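Below is one structure, written out as structure tokens; comments come after it.
The values are calculated or read from the model by the stated rules, or taken from the named source; none is laboratory data. Bear in mind the structure is a predicted one, so any value in this text is a computation, not a measurement. Note that each Cβ is placed from the backbone with ideal geometry, even for glycine, and that neighbours are counted across all protein chains shown. Accessible surface areas use protein heavy atoms only, side chains included; no ligands, DNA or RNA. Shrake-Rupley method; radii C 1.70, N 1.55, O 1.52, S 1.80 Å.
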Amino acid sequence: MDAYVEKDAVEVSDDGRRPSEDPPATPPETPGTAAGAETAEAAGSVEGPEGSGARSGVGIMALSLPYQVVVAVALAVVGVFACVHLAMVFLHVAPSNTLTKRHGEAVDDWIYPEFEQNWKLFAPNPLQTNIAVEVRAELVTADGGRRTTGWIDLTAQDIEAIRHNPMPSHAQQNQLRRAVDFYLNTHNDGGRPNGLRGTLSEEYMRRIAMLRLDALEGPDGRAIGADARRIQLRTVSRPVPAPRWSTEKTRTAPSYRDFPWWNVTEADRATGADASRTEAGR
């Protein structure tokens with residue numbers, strides 16, 4: 001009986017302690033396991049463009065050094081542009097201050113015309129008048145005489161082009177309005193220009209009017225602009241009537257402001273303007 005040793009019994013040393021168990025045997029490597037380890041090791045390290053060693057990371061840090069520099073410079077340029085743009089817009093809409101008085105022209109050059117901010121809608125007295133621009137021309141007839149056309153509503157042409165158009169152009173929406181504002185801000189109450197910008201605004205108005213007249217045909221089928229020798233523009237202001245439920249009384253009769261008659265030069269015509277731009281580019 002004493003000599004019987006159970007098959008699964010654990011031997012105990014003379015001092016009563018269990019002997020340390022042998023570590024489990026490592027299973028033999030299979031070809032798939034070795035290949036998987038090599039693949040993982042290869043995936044964990046990315047060789048640089050010149051074999052300089054492993055490179056790891058995400059985002060910009062995963063790029064090589066030259067690409068990191070390019071991306072960093074691009075981000076810096078975009079950040080500087082965004083800061084400058086926000087500062088210019090802030091100065092444009094802010095009340096008059098020392099900076100706007102000293103650098104107002106630079107701010108306007110940056111803002112107009114693409115980034116214009118018109119806050120009059122939120123002013124205590126928002127715009128309540130529809131302003132139209134009209135033109136008439138003095139034409140040379142076939143017998144050498146002169147005749148004057150009726151008033152042609154240029155603003156109505158823009159409104160017709162904008163109506164039902166989901167993406168009207170910037171020129172259709174703002175060209176006439178900005179041109180009239182430019183003219184009025186550079187002329188005194190007597191219609192005299194205030195310096196060089198006043199003369200430039202007159203040329204701008206004449207060229208816009210001639211472009212519109214060149215697109216219109218007269219009774220003889222010829223473009224009105226081809227026979228025009230003088231033109232005159234005017235603004236027609238029509239107050240917006242008060243709604244039916246309002247007790248406010250508004251005067252709805254239109255008021256007119258006539259510009260002087262201007263002689264048409266070759267530079268004011270489409271062909272003349274193209275030629276002048278060509279000469280200026282040489």
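Checked against (1) open to solvent by 60 Å² or more (accessible area, probe 1.4 Å); (2) more than 17 Å from residue 256 (Cα to Cα), residue 177 meets all criteria but (2). Of all residues in region 180-203 being closer than 20 Å to residue 114 by Cα and touching a Phe, Trp or Tyr at 6+ places or on another chain (Cβ under 7 Å), which is surrounded by the fewest Cβ atoms within 10 Å (Cβ to Cβ)? That would be 182. Scanning region 230-269 for residues that are under 33 Å from the mean Cα position of the chain (by Cα) and of a type in the set (Asp, Glu) returns a single hit, 268. Within this structure, residue 186 passes the test of being in contact with a Lys or Arg (Cβ under 7 Å, 6 or more places away or on another chain), among the β-branched types (Val, Ile, Thr) and either on the phi < 0 side of the Ramachandran plot or modelled with pLDDT of 90 or more (or both).
Within the option set 212, 207, being part of a helix (DSSP H, G or I), closer than 15 Å to residue 133 by Cα, open to solvent by less than 40 Å² (accessible area, probe 1.4 Å) and at pLDDT 90 or above holds for one residue only, 212.
The number of residues in region 201-219 that are touching a residue at least 12 places away in the same chain (Cβ under 8 Å) and out of contact with any Gly (no Cβ under 6 Å at 6 or more places or on another chain) comes to 13. The residue of region 72-111 that is farthest from residue 185 (Cα to Cα), among those that are open to solvent by 80 Å² or more (accessible area, probe 1.4 Å), of a type outside the set (Phe, Trp, Tyr) and under 21 Å from the mean Cα position of the chain (by Cα), is 75.
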